[in-house]
Structures are given as structure tokens and as C-alpha cells.
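Below: the structure, in C-alpha cells.
The values are calculated or read from the model by the stated rules, or taken from the named source; none is laboratory data. Quick caveat: nothing in here was measured; it's all calculated off a predicted structure. All Cβ positions, glycine included, derive from the backbone under ideal geometry; neighbour counts span all protein chains shown.
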Amino acid sequence: MRAVWPGGTRLETDATSGTTALLASTVTRGCGARDAAEVADVVDRLAGGVVGVGGRNSFGVRAEWLARTWDDGLDVFLDCALAPRLDDDEVARQRRLLLDDLDARATSGSHQAFRLFAETLYRHHPYRLDPLGSPDAVAAMDGTSLRGFWRDHYPASTMTLAIVGDVDPEQVLRRIRDRFADVTAAAPVEVTVAAETFEDRPAADREVYGYLAREQAHVVIGFPGTTVTAEDRFAVEVLAAVLGGQGGRLFAELRERRALAYRVSAFAVDGVDPGYLAIYVSCSPDKVDEAVAAIRAQIDALVADGVDAAEVRRTARALAGSHAVAMQRRAAMANALAFHDAYGLGWQGWADYPDRLRAVTAADVDRVAATYLRWDVAVTATVRPPAETDGARKRARGVRKKAPRPRPASHHTRDRRSS
């Protein structure tokens, strides 16, 4: 079972950064007439699970049950999706856990590299915000602000609901119609998200550094990308796999031939607004320059010389095959149905995905490579052990040791993040 709304981090500001993450962790901690302990007890007895989920473009609730307990499970699921309590004490408990998670991730080189990249690529758009939030914003949140955010942005009438499994569709529809009989249409509070511009930025503003006392360096090289509705997204996904898939060009060059990297990958992240196409590499600090030069050389060669038709067919088939395997799981199918519909793609759109991939040609990949792999808009974010070059110091931002931040008072101890 999946309940999904458009929204997520895209609706947040600096002052509300982390609201989606806090809401996702709290939404199942009491709903309807049940408090958190009662929800957990029912879920355990039904041998199922229900959790909140939030991302850059969406918020929702997901649940999984045994086929024989789906009917009772539906009650709990819909209570969490439609009537979360968001009690003050549970908000305080989950806020403290979220702050602990933020503390832990502050020492992760890969996480900090991606944060630095996002903050540089997106100067104004909410995609620049950490999906987990900022410590200061999260520390200021309480039950009142969370309940207000919920009411403003996630009315029941704008929810997409998907249920996949061994159930009687007519029985499910009767239950849903009964539950939603009294729901009236309501529009969420309108949020204006200004379009990000990526052009005309000096090169020095697009090369940034952060420092952590770790033995590895982490580099993200990225370019503005596509949206979930763009026709280019299929060719861009194939392009990313040609570059960074297992056995892709970057893997073969940096890992197998030259032993420059511990890890290297490329991937496309789409959004309601333009996402990004990025390459990530972790390596020894003394190999950063050589690894970055090798990545640039591979990208330049691909743009200049194009791709081979056989290479594109092989890559597209592999992506379509992986999709087919994943979609054998009911959870994956429920996700696909819900998100395709919530993003305006039509719930049937998931079924066309393999055919759209296989239809990508070498000419398509050459075209999107020339369109998106542009060094004049590229951002390079590097997190490494402290370096002393003047240029690196001037462009350093973000990853610094800070004084301990104040923590909100709470008498609660750590517990499980979700039911």
C-alpha cells in the first residue's frame, strides 16, 4: 500500500528545512484513536509494517501486510495517512533522533561531498537543502509547526493511493469509498518555486572544497539534468549507465586500467524541476587531480567521438532487464503506480519504461551528451583531508568543524525510528 503526495523537500525553505524528514518519522507514531504504542502493537500482531517516507519531490506513507491481514492493515495505513496525531512528545522524540542522524552524517565524506555539490549547483532552489534538514531548523520544530505543515500541504483529496497484492479489487474499492465518503476537495497551500538558472557562473564559483580529517577524498562532478516529464530522461539514463555502470567507461578506466579510485559511479537524478547528471568518485587524496583529469578526458572523448550503437543496445537491455526483475516485487509495482500518477505521468506509465529504454539510439545518447555534459555549467565538489593551496582555501565552504549546537530539551531516550 502506498499513499503519495507531491511535495517533499521541494516545499521547504531554509527555515523549514527537515520538516519532511521529521514528518515522515512521526506520521506513524500515533494515528486516529491509537497512540504510538498501540500502532506498534497492531502492526506487530498483523505481521506487517507501516512507515512514513519523504524525498525531494514527494511525501507519503507505505505499508506492507500479509494477504490475509490486508483488511485490518488498511485501517492502520489510512489512519496514518489521513489522521496522524503528530503528538508533541512524539515530535520531540523523533526530532532528537533526526538531530542524531544529522550529527552522524556530518562526518561522512561522501554525504558532505553531495551536500556541497547540491548547495553549489542550486543556489536558490529547495533542491539545495539537505533532505534530512539543517540542525538549526530541525531543533526549532515542534508539534504545532509540524501539524501546520501537514494541514497546509497534504490534504486527503490530493493523495494518490496504490494497493497491489492478493486482494479483491471490488472489496478494496468499497472500503476506500467508505473511508473517503466525507472527504471534501481541498487545495494545498500554493508554493512558488523559482526556477534555477545555471548559466553565466564563473568557473571559480563552480569548483568548491570542503575538508574532513579522513583518509579518503570524495569528489562529485555534476551537470544540470532533466525533469521526470522530459523526453530526454531515458537517453540520459542510458548515458549515465554507459559512463558509470558496472563495466562502464569510467569504471573500466579509473578502476580496472589505472587503479585511481576505490569507487566510481554515474547516475541521473530527475525531479519535478531539473535534477542533475553526476559522477561520484572516492579515491586516495593524492590521486584526486589525476582521477578528475581522467573523468574529464572520458567525458570529452564521449562527447567528441560519440557512442557505439552496440554499446547503447547492450546498456539499454541491461537497464530494462534490471527493471523487469525489480518489478516482480509488489512493493516496487506499488511504488511505480503511485509515483507515476502523483507526478502526472499517468499510473500506466511504468509499463512503458523498458520499451522507452530499448528505443534509445546511439544518436539519442550523442545528442543528450552534447546537451548536458557541458563544462561551462558543471560543478565539482571535493571533500578531502585539509589542503593548503590558496585556490582551494578560497573556494572552500560548508564542511568545517563547528562548536556543539544547542539541543532542545527532551526527557526521551532513543527508540526505533518507525513502527
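Tell me, which helices (runs of 4 or more DSSP H) lie completely within segment 67-168 with 3 or more residues that are more than 30 Å from residue 220 (Cα to Cα) and hydrophobic (A, V, I, L, M, F, W, C)?
On the way: elements: 70-82, 88-105, 109-121, 135-139, 143-153.
Counting at least 3 such residues, we get 70-82, 143-153.
Go through segment 294-306 and give me each residue that's in contact (Cβ under 8 Å) with a residue 60 or more places away in the chain and buried (at least 18 other Cβ atoms within 10 Å of the Cβ).
295, 299, 302
Which residue out of 320, 309, 278, 291 is buried (at least 20 other Cβ atoms within 10 Å of the Cβ) and under 30 Å from residue 229 (Cβ atoms)? So that I can check it myself, show each step before the final result.
On the way: 320 fails: buried (at least 20 other Cβ atoms within 10 Å of the Cβ); 309 fails: buried (at least 20 other Cβ atoms within 10 Å of the Cβ); 291 fails: under 30 Å from residue 229 (Cβ atoms).
Step by step, each of 320, 309, 278, 291 is checked, and only 278 is buried (at least 20 other Cβ atoms within 10 Å of the Cβ) and under 30 Å from residue 229 (Cβ atoms).
Filter segment 280-316 for residues that are farther than 20 Å from residue 114 by Cα and polar (S, T, N, Q); which is farthest from the chain's Cα centre (by Cα)?
Once the filter is applied, the top-ranked residue is 298.
With the requirement that a residue be touching a Ser or Thr at 6+ places or on another chain (Cβ under 7 Å) and either farther than 19 Å from residue 3 by Cα or basic (Lys, Arg) (or both), what does segment 16-28 give you? Even if it seems obvious, please write down each step before you answer.
As a first pass, look at segment 16-28 and keep what is touching a Ser or Thr at 6+ places or on another chain (Cβ under 7 Å): 17-18, 20, 25, 28.
Answer for segment 16-28, where residues must be touching a Ser or Thr at 6+ places or on another chain (Cβ under 7 Å) and either farther than 19 Å from residue 3 by Cα or basic (Lys, Arg) (or both): 17, 18.
Looking only at segment 323-347, filter to residues that are in contact with a Pro (Cβ under 8 Å, 6 or more places away or on another chain) and in a helix (DSSP H, G or I); which one of those is nearest to residue 60 (Cα to Cα)?
Residues of segment 323-347 in contact with a Pro (Cβ under 8 Å, 6 or more places away or on another chain): 323-324, 342-343.
Among the residues that remain, those that are also in a helix (DSSP H, G or I) are: 323-324, 342.
Working: 323: 23, 324: 24, 342: 11 Å.
For segment 323-347, the residue satisfying everything is 342.
Picking from 43, 39, 51, which residue would you name as being among the hydrophobic types (A, V, I, L, M, F, W, C), in a strand (DSSP E or B) and assigned by TED's automatic domain parsing to the domain that holds residue 147? If you could, list the steps in order and put the result at the bottom.
Working: 43 fails: in a strand (DSSP E or B); 39 fails: in a strand (DSSP E or B).
Just one listed residue meets the conditions, 51.
From the residues in segment 24-55 that are in contact (Cβ under 8 Å) with a residue 12 or more places away in the chain and among the basic types (Lys, Arg), which one is farthest from residue 70 (Cα to Cα)?
So the residue we want is 29.
Contact list please: Cβ distance under 7 Å, first residue in segment 338-366 and closer than 19 Å to residue 324 by Cβ, second residue aromatic (Phe, Trp, Tyr) and modelled with pLDDT of 95 or more, pairs at least six apart or on different chains.
356/234; 357/234; 360/234
Tell me, please, whether a residue that is at pLDDT 95 or above and among the polar types (S, T, N, Q) can be found in segment 143-153.
At the first step, the residues of segment 143-153 found to be at pLDDT 95 or above are 143-153.
Next, only the ones that are among the polar types (S, T, N, Q) stay: 144-145.
Scanning segment 143-153 turns up at least one residue that is at pLDDT 95 or above and among the polar types (S, T, N, Q).
Does residue 337 satisfy the condition of being crowded, with 16+ Cβ neighbours inside 10 Å and outside the structural domain of residue 8 (by TED's automatic domain parsing)? It would help to see each step written out before you state the result.
Values: crowded, with 16+ Cβ neighbours inside 10 Å: yes; outside the structural domain of residue 8 (by TED's automatic domain parsing): yes.
Yes, satisfied.
Residues of segment 130-148 being of a type outside the set (A, V, I, L, M) and under 20 Å from the mean Cα position of the chain (by Cα), which ones? Can you show your working first?
Pass one, segment 130-148, residues of a type outside the set (A, V, I, L, M): 130-131, 133-136, 142-145, 147-148.
Within segment 130-148, 130, 131, 133, 134, 135 meet the criteria.
Name the residue, out of 172, 191, 167, that is farther than 30 Å from residue 376 by Cα, in contact (Cβ under 8 Å) with a residue 24 or more places away in the chain and under 29 Å from the mean Cα position of the chain (by Cα). Even if it seems obvious, please write down each step before you answer.
Details: 172 fails: under 29 Å from the mean Cα position of the chain (by Cα); 167 fails: under 29 Å from the mean Cα position of the chain (by Cα).
One residue alone meets the criteria, 191.
Can you tell me which condition residue 140 does not meet? The list is (1) under 22 Å from residue 23 (Cβ atoms); (2) touching a Phe, Trp or Tyr at 6+ places or on another chain (Cβ under 9 Å); (3) not charged (D, E, K, R), and all the others hold.
For residue 140, the failing item is (2).
Which one of the conditions (1) closer than 24 Å to residue 367 by Cβ; (2) among the small types (Gly, Ala, Ser); (3) modelled with pLDDT under 95 does residue 186 fail to meet, given that it meets all the rest?
(1)
Would you say residue 118 is small (Gly, Ala, Ser), under 18 Å from the mean Cα position of the chain (by Cα), in the same structural domain as residue 10 (by TED's automatic domain parsing) and at pLDDT 95 or above?
Values: small (Gly, Ala, Ser): yes; under 18 Å from the mean Cα position of the chain (by Cα): yes; in the same structural domain as residue 10 (by TED's automatic domain parsing): yes; at pLDDT 95 or above: yes.
Against the criterion (small (Gly, Ala, Ser), under 18 Å from the mean Cα position of the chain (by Cα), in the same structural domain as residue 10 (by TED's automatic domain parsing) and at pLDDT 95 or above), residue 118 qualifies.
In segment 183-202, what residues are within 20 Å of residue 121 (Cβ to Cβ) and surrounded by fewer than 11 Cβ atoms within 10 Å (Cβ to Cβ)? Before you say what the answer is, go through the steps one by one.
Pass one, segment 183-202, residues within 20 Å of residue 121 (Cβ to Cβ): 193-202.
Within segment 183-202, 194, 195, 199, 200, 202 meet the criteria.
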